[in-house]
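Below you'll find the structure, written out as structure tokens, and then a few comments.
The values are calculated or read from the model by the stated rules, or taken from the named source; none is laboratory data. What you see is a predicted model; the values in this text were computed from it and never measured. Quick reminder, even Gly has a Cβ in these numbers, built from the backbone with ideal geometry, and neighbours come from all protein chains shown. Keep in mind that these areas ignore ligands, DNA and RNA; they rest on the heavy atoms of the full protein, side chains included. Shrake-Rupley method; radii C 1.70, N 1.55, O 1.52, S 1.80 Å.
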Amino acid sequence: MNYIDEIIKKINQMSGKYSTYELFSDWTEMYALSIANLMNIGSDIWNYREKQYLRIAHKYTKNELENFLILNDLLINALNVCKEDVLGYVFTTLQINSKVLGQVFTPPSIGSMMAALTFDIEKIINDKQIDFYEPACGSGVMIISAANHLYKNGLNYQKILHVIAQDIDLKCIYMTYIQCSLLGIQAEIVHGDSIASPYPLIKYPEQEVFKTPMYYLRPALFYNDDIFLS
């Protein structure tokens, strides 16, 4: 089964009452919020994001919400197979990227080339943290490519790679956050202008900063060398 094609097919099948743009946007927002809230149960930010989630969910019927769960499963399977920028590809294929904003997502081949040029594998120590800053993350292709490059060279990116990413488009934040979370990349993904207000030099409201599950789990990796998710 081609899971990426199935995602596109499912979104097109769901469209009619809602546009593909709205369906994709609502799906990724709900998925990102649900992942983020796993790490903040009972806190003020949990309550904030739960209200945001329910505001979207109340638009849809039970059957429609079940279709979103199917999309979640398809995305997990797709990333297990290819470990590439699946959401960016889907977003572009559905032709819902903003041409007005000049929004064109980088293809994985370019991401792979940039990762190979950026990292000198021979100088990387597997227990030393690498800080990777992505000021315009889009759907996360450069981050995913960096993680793939380290992985293919026998390095545990889940242990050594720490990402700080920003974008002014909230949809991009959600796409990057979902994929980094599912791939086990430790990242802080921030909704904001990286030129005018670079994080972490500028303090952001908590609701604008999405930290992946691996960000919270990272300390455990230094006490267990056998942990390496794939």
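Could you compute the FRET efficiency for Lys152 and Ile70, with r as their C-beta to C-beta distance and R0 at 41 Å, rounded to 0.05?
Details: r = 31 Å, r/R0 = 0.75.
The value I calculate is 0.85.
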Can you pull the accessible area of Ser145 for me, 1.4 Å probe, Å² to the nearest 10? 10
If each of Ala136 and Ser34 carries a label point 7 Å out from its Cα toward its Cβ, how far apart are those two points in nm? 3.2
When you count, for each residue, the other Cβ atoms within 10 Å and take the mean per peptide, how do 179-191, 24-36 rank with the highest first? 179-191, 24-36
Order the following by accessible area, largest value first: Asp73, Asp167, Asp193. Probe radius 1.4 Å; ligands, DNA and RNA are ignored. Asp73, Asp193, Asp167
What residues of segment 50-93 lie in the reach of a label at Leu170, counting those whose backbone N is under 16 Å from a point 7 Å from the Cα along Cα→Cβ? 50-59
Calculate how many DSSP beta bridges within the chain are antiparallel, expressed in % of all such bridges and rounded to the nearest 5. 20
Using +1 at the C-beta of Lys and Arg and -1 at the C-beta of Asp and Glu, which of Tyr157, Ala187, Tyr177 has the Cα lying farthest in the positive direction of the dipole of segment 112-225? Tyr157
To the nearest 10 square angstrom, what accessible area does Met113 show with a 1.4 Å probe? 100
Rank these by accessible area, largest first, 1.4 Å probe: Lys51, Lys9. Lys51, Lys9
If I stretch the segment between Gln95 and Lys62 completely, what's the gain in nm (0.36 nm per residue apart, minus their alpha carbon distance), one decimal? 9.2 nm
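Using a ≥ b ≥ c from the Cα gyration tensor of segment 9-127 (square roots of the eigenvalues), is it rounded, prolate or oblate, where a/c under 1.5 gives rounded and otherwise the larger of a/b and b/c decides, a/b for prolate? Present the calculation step by step, with values, prior to reporting the outcome.
Numbers: a/c = 2.14, a/b = 1.39, b/c = 1.54.
It is oblate, given that a/c is not under 1.5 and a/b is not larger than b/c.
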Between Ile195 and Ser109, what is the label-point separation in nm under the 7 Å Cα-to-beta-carbon projection? 3.0
In nanometres, what is the gap between the two model label sites at Glu206 and Glu22, each 7 Å from Cα along Cα-to-Cβ? 3.2
Given 0.36 nm per residue, what is the gain on full extension from Arg55 to Ile124 after removing their alpha carbon distance, in nm? 20.3 nm
Just to be sure I understand: of the beta bridges DSSP finds with both ends in segment 147-215, what percent are antiparallel, rounded to 5? 35
Debye calculation, C-alpha points only, no solvent: report log10 I(q)/I(0) for segment 147-226 at q = 0.24, 0.25, 0.26 Å⁻¹, in the same order as the q values. -1.11, -1.16, -1.21
In terms of Cα to Cα distance under 22 Å, which lysines are near enough to Lys9, apart from those fewer than 8 places away along the same chain? Lys17, Lys59, Lys62, Lys83, Lys171
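Tell me, what is the percent relative contact order of the chain, built from C-alpha pairs under 8 Å that lie six or more residues apart? Kindly include the intermediate steps, with their values, before the conclusion.
On the way: 309 pairs, mean separation 45.1, N = 230.
It comes to 20 percent, rounded to a whole number.
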Of (1) 7, 32, 38, 19, 3, 0; (2) 8, 28, 26, 21, 14, 3, 0; (3) 7, 29, 35, 22, 6, 0, the label for P(r) over Cα pairs in 10 Å bins from 0, in percent derived from the coordinates: (1)
Report the accessible area of Ser109, computed with a 1.4 Å probe over the heavy atoms of all protein chains in place, in Å² rounded to the nearest 10. 80
As I understand it, the value is the acute angle between the Cα axis of helix 20-36 and the longest principal axis of the Cα atoms of the chain; what does it come to in degrees, rounded to 10? 50
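Normalising by the residue count of segment 1-63, find the relative contact order in percent from Cα pairs under 8 Å and 6+ residues apart.
RCO, segment 1-63: 24 percent.
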